[in-house]
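Chemist: Structure provided below as structure tokens; questions to follow.
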Amino acid sequence: MKKQSITQQQQIAPATVAALLEQSHKPLASHISVPTQTRSSTPEQLQEMSISFTKALNHITPTELLNHQTNDDSSQQSELNFGAPQIDLALPKGTFPVSGLHEFNPKYWRDQIAALTCTIALAVRQREQQQTTTPIYCFLSKEQTQLIQWVTTYQTSAFNLKPQDLIIITANHSDDLLWAIEETMHATNGAPIIAHFNLLDNLSAQRLSFLAKTQQNPCFVICNHKIDGPKHAHSQWTIHQHPESKTTIPSLYLSLNQTNKESTPLGWHLKWQQEQQRFAATREKSAQQSELTLH
């Protein structure tokens with residue numbers, strides 16, 4: 001992925017954005033497509049693009065849900081949880097903050113849907129815990145046709161989500177996707193963010209981590225390859241699908257990649273409980289932690 005400064009993002013003509021973002025809803029999810037024209041843009045053009053993109057979010061998302069402010073009272077949830085005591089009690093305090101970046105690495109190429117399943121389930125659980133109607137924003141590159149088809153065909157119904165509860169945003173290039181994620185975070189405080197990348201560079205991870213914290217967004221990033229360099233994610237997980245799982249919401253294996261190599265790897269077998277909006281989990285006796293992921 002090419003590294004670019006914020007002022008060197010892809011140029012998207014405002015008129016083109018306004019036209020292409022006026023899209024009809026897919027059967028089970030709302031969809032915004034971010035077009036690309038050139039690889040350079042002026043600050044003035046960036047501002048126009050931002051205004052057009054925010055209008056597109058307003059078109060799909062009720063105005064009262066944009067710029068949502070999170071309360072700071074004692075009842076506010078400070079950490080995400082799975083709802084499974086086997087996991088929640090085992091995680092050190094501060095592992096899974098609501099406002100922060102969390103990295104999910106599919107163990108194999110075929111496990112990308114498993115990772116997407118887990119992150120959507122976590123976002124659904126966070127919405128339930130916070131008792132909010134803020135939509136979930138899912139960012140995918142257009143080349144990920146299998147993931148786009150899967151999430152628009154199955155996922156909203158499987159998690160009891162309405163079309164307005166899950167907004168899919170697609171782009172041709174990862175730079176455009178990053179721009180759209182940042183714009184969405186600025187416009188929607190506290191909204192769950194899910195994004196898929198084949199590879200995410202460290203500078204981009206740092207930017208997403210900073211915005212997730214300041215804008216109070218839970219940000220789940222699925223990366224086929226682990227992010228190199230300094231760790232900006234609050235937690236890092238390896239995930240793959242149970243080989244015998246053939247249901248719409250597959251059962252999963254999830255392991256926490258601990259930075260302390262002397263620590264015992266933590267791994268679980270997960271199953272999503274749709275009615276309870278929580279996970280059921282059993283501890284893996286010998287959780288194996290792989291240094292490399294897929295591919």
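The values are calculated or read from the model by the stated rules, or taken from the named source; none is laboratory data. All values reported here derive from a predicted model rather than from experimental measurement. Cβ coordinates were reconstructed from backbone atoms using ideal geometry, including for glycine residues, and neighbour counts include every protein chain displayed. Heavy atoms of the whole protein, side chains included, go into the accessibility calculation; ligands, DNA and RNA do not. Shrake-Rupley method; radii C 1.70, N 1.55, O 1.52, S 1.80 Å.
Chemist: Is it fair to say Ala281 is open to solvent by less than 20 Å² (accessible area, probe 1.4 Å), under 20 Å from Leu166 (Cα atoms) and either polar (S, T, N, Q) or outside any loop (DSSP other than H, G, I, E, B) (or both)? Before the answer, list the steps.
Modeler: Values: open to solvent by less than 20 Å² (accessible area, probe 1.4 Å): yes; under 20 Å from Leu166 (Cα atoms): no; either polar (S, T, N, Q) or outside any loop (DSSP other than H, G, I, E, B) (or both): yes.
No, not satisfied.
Chemist: Looking at (1) more than 24 Å from Gly229 (Cα to Cα); (2) open to solvent by less than 50 Å² (accessible area, probe 1.4 Å); (3) at pLDDT below 95, can you tell me which one Asp175 breaks?
Modeler: Asp175 satisfies every listed condition except (1).
Chemist: Further question on the same structure: Any residue in the range 263-279 that's in contact (Cβ under 8 Å) with a residue 40 or more places away in the chain and farther than 20 Å from Pro243 by Cβ: show its pairings with residues that are open to solvent by 80 Å² or more (accessible area, probe 1.4 Å) and of a type outside the set (A, V, I, L, M) at Cβ separation under 7 Å, as long as the two are six or more apart or on different chains.
Modeler: Gln274/Asn160; Gln277/Glu128
Chemist: Let me ask something else about it. For the range 128-138, which residues satisfy the criterion of being touching a Leu at 6+ places or on another chain (Cβ under 9 Å), touching a residue at least 60 places away in the same chain (Cβ under 8 Å) and either β-branched (Val, Ile, Thr) or surrounded by fewer than 22 Cβ atoms within 10 Å (Cβ to Cβ) (or both)?
Modeler: Correct list: Thr132, Thr133, Thr134.
Chemist: With the requirement that a residue be within 26 Å of Ala158 (Cβ to Cβ), over 15 Å from the mean Cα position of the chain (by Cα) and open to solvent by 60 Å² or more (accessible area, probe 1.4 Å), what does the range 191-248 give you?
Modeler: Hits for the range 191-248 are Pro243, Glu244, Lys246, Thr247, Thr248.
Chemist: Pick from Gln155, Gln76: which is of a type outside the set (Asp, Glu) and either open to solvent by 40 Å² or more (accessible area, probe 1.4 Å) or modelled with pLDDT of 90 or more (or both)?
Modeler: Values: Gln155 fails: either open to solvent by 40 Å² or more (accessible area, probe 1.4 Å) or modelled with pLDDT of 90 or more (or both).
From the options Gln155, Gln76, the qualifying one is Gln76.
Chemist: List the residue pairs whose Cβ atoms are under 7 Å apart, where the first residue sits in the range 225-248 and is free of Cβ contacts under 8 Å to residues at least 40 places away in the same chain, the second is buried (at least 16 other Cβ atoms within 10 Å of the Cβ) and not in a strand (DSSP E or B), and the two are 6 or more positions apart or on different chains.
Modeler: Filtered contacts from the range 225-248: His242/Pro250; His242/Ser251; Ser245/Ser251.
Chemist: Output the residue which, of all residues in the range 256-278 that are in a loop (DSSP other than H, G, I, E, B) and modelled with pLDDT of 85 or more, is surrounded by the fewest Cβ atoms within 10 Å (Cβ to Cβ). Let's see the steps before the verdict.
Modeler: First pass over the range 256-278, keeping only residues in a loop (DSSP other than H, G, I, E, B): 257-265, 274-277.
Those still in the list that are modelled with pLDDT of 85 or more too: 257, 274-277.
Values: Asn257: 19, Gln274: 13, Glu275: 6, Gln276: 11, Gln277: 17.
The residue in question is Glu275.
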